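Nothing in this text is a laboratory measurement; each read-out follows from the coordinates by a stated rule. All figures in this text were calculated on a predicted structure; none of them were measured in a lab. Note that each Cβ is placed from the backbone with ideal geometry, even for glycine, and that neighbours are counted across all protein chains shown.
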Amino acid sequence: MDLWDSNVGEVADVPCISANAVRGVLRRIIMADFLELVGYEVESPKLHHALCSGGQLESTDDNTSSIDMAMRRALIEGIPPLGLLGTSIGNQILTSCLQVDHAMPVCEERKWQRDLRRKGTLLQAPDRRLWDGDPRWEQSGNRLTSRHFYTRRDDLHADRDDDAQAVQMLVEPECIVPGALFEHGFALKNASAVESGCLGRALELWAIRPTIGGKASGGFGQLLLDYDHIPDSSPYLAWCAENVDLAVDALNLIVNPPKAAKRAKKGETEEGASSS
């Protein structure tokens, strides 16, 4: 990510972990857990996209006329992870109450941000953190990445001409070096106790398998998560235990949404006018 380095008066390029990458990890973790808690098996691709990838906007004759407020309310009340992370269904976008920061590295190019945070402003109180004296603030962000070179051999041993070479794939991913330290945080906006607990549950599950990025199965992307506050997950778990039927009805509502009654009524009116 490019950022302004006021120490030298120019733009610097430093590695970061995208907020969307963090949201994607949390979404897949909490949705799988939610479906298990309410005993629901996903068979619809549309439902899978709505839950696990943020959905997709559609434009059809059935959904272009108006926003179905009753359906929005039913989905948010019946599927707490959607209230937390949001999604898009049909022509409707359910906004998220969770704000996720980019994970930014502790490095020399960001020292001015640390110093400004510690000093505070007229509107923001000074914010001093335990790692403000960490020696990694003196290291350049350019030194936080490395490249790993891999080859994938042709294991199929398919028939080929005598002078043909084996097919190989060359891979050279850019990696963040082990031991790098990142600052990261979340903020909840007008979240209910159940939605806050949903975030707490997602973080608890993430801490069991703390990885992010590609090739986690090959040892990459390992994290040590350390947040100064994690919401209590018990309100969310209690809600899931007590509202299984409500959750199942809301999930089925995504698979089979109600028809646009307003559009159907308009069509009937136009037919009546043309016949008269």
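Here the 3J(HN,Hα) profile of the stretch 92-108, calculated from phi with Karplus coefficients 6.51, -1.76 and 1.60 at θ = phi - 60°, is 10, 10, 8, 6, 8, 9, 9, 9, 10, 7, 5, 7, 9, x, 7, 7, 4 Hz, Gly and Pro shown as x. Over the C-alpha trace of the stretch 9-128, radius of gyration and Dmax come out as 19.7, 56 angstrom.
Once Rg and the Kirkwood radius are both taken over the C-alpha atoms of the stretch 3-56, their ratio Rg/Rh works out to 1.33. Note that the stretch 64-154 shows a convex hull volume over its alpha carbon atoms of 266 Å³ per residue. Taking label points 7 Å from Cα along the Cα-to-Cβ direction, N20 and R136 give a separation of 2.5 nm. Subtracting the Cα-Cα distance of T211 and E172 from 0.36 nm times their residue separation leaves 12.1 nm of extension gain.
Rounded to whole Å, the principal axis extents of the Cα atoms in the stretch 74-124 read 46, 25, 19, largest first.
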